[in-house]
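Novice: Below you'll find the structure I mean.
All of the numbers you see were taken from the coordinates with simple rules; none came from a lab. It should be emphasised that the depicted structure is a prediction, and the values quoted were computed from it without experimental measurement. FYI the Cβ positions are ideal-geometry reconstructions off the backbone, even for glycines, and counts take in every protein chain you see.
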């Protein structure tokens, strides 16, 4: 009898451990207002949080960009949804915090936390998908190319969802934009190309 009871308890503990290890899922999805922007442009990004397995009281997340690109971008405003009490405020929210651990090593994170909390801790948010942020960006003198922004994942700024005393880490999420020349630059290049073409044509005619 004791042996049977011990086996039952052990099996129950293993089952509980398996259930606990799979408890809770969470992810962030970013939707930018476009994918192609000029070197001194503005754009916005909507952030949506999906979570399951628990009720949430808030979240913390930071965005980061690759070294050498941090001075090109700045967050100028943010509208908070669902978790409407901001964790941190202050504009502009620049990419000036050097990350030093794991996959984030070398990247520069936003100065302020982009997340927030509920107004009343007695009214947690049930599982589901919710828009949490509408973020405004400015671009200043960015070099031409493709830029990818990631959420942080490691200390001292791990992105996570809070549920009471528990914090659930958010897997790394990202979005990408492409910076192209300003319209005036395109016009100048077109004029220069036309001028060179005319000179080449006249020379060709003169040698006939």
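Novice: If you average the sequence gap of Cα pairs under 8 Å that are 6 or more apart and divide by the length of the range 23-182, what percent do you get for the contact order?
Specialist: RCO, the range 23-182: 36 percent.
Novice: Which order results if 167, 78, 64 are arranged by neighbouring Cβ count within 10 Å, fewest first?
Specialist: Details: 167 14, 78 21, 64 26.
Ranked by crowding around the Cβ, least crowded first: 167, 78, 64.
Novice: If you find the alpha carbon centre of the range 101-131 and of the range 65-89, how far apart are they in angstrom?
Specialist: 11 Å
Novice: Highest mean first, how do 117-123, 92-98 rank when packing is the count of other Cβ atoms within 10 Å averaged over residues?
Specialist: Values: 117-123: 11.9, 92-98: 18.0.
Descending mean neighbour count gives 92-98, 117-123.
Novice: Okay, next question. Expected output is a single nm value to one decimal: the length gained when fully extending between residue 131 and residue 105, i.e. 0.36 nm times separation in residues minus the C-alpha distance. What is it? Walk me through the numbers before you get to the answer.
Specialist: Details: separation 26, 0.36 × 26 = 9.36 nm, distance 2.85 nm.
My answer for the length gained is 6.5 nm.
Novice: Find how much the distance from residue 85 to residue 40 grows on full extension, using 0.36 nm per residue of separation minus their present alpha carbon separation; answer in nm with one decimal.
Specialist: Working: separation 45, 0.36 × 45 = 16.20 nm, distance 3.10 nm.
Length difference between fully extended and current span is 13.1 nm.
Novice: Could I ask something else about it? I need 114, 29, 57 ordered by Cβ neighbour count within 10 Å, fewest first.
Specialist: Numbers: 114 25, 29 13, 57 19.
Lowest count first: 29, 57, 114.
Novice: Which distance in nm do the two modelled labels at residue 27 and residue 174 give, with both placed 7 Å along the Cα-to-Cβ direction?
Specialist: Label-label distance for residue 27 and residue 174, simple model: 1.5 nm.
Novice: I would also like to ask the following. Taking Rh as the Kirkwood radius computed over C-alpha pairs, what is the Stokes-Einstein D of the range 23-182 at 20 °C in a medium of viscosity 1.002 mPa s, expressed in µm² per second? Mind dumping the intermediate values first?
Specialist: On the way: Rh = 15.9 Å.
It comes out at roughly 135 µm²/s.
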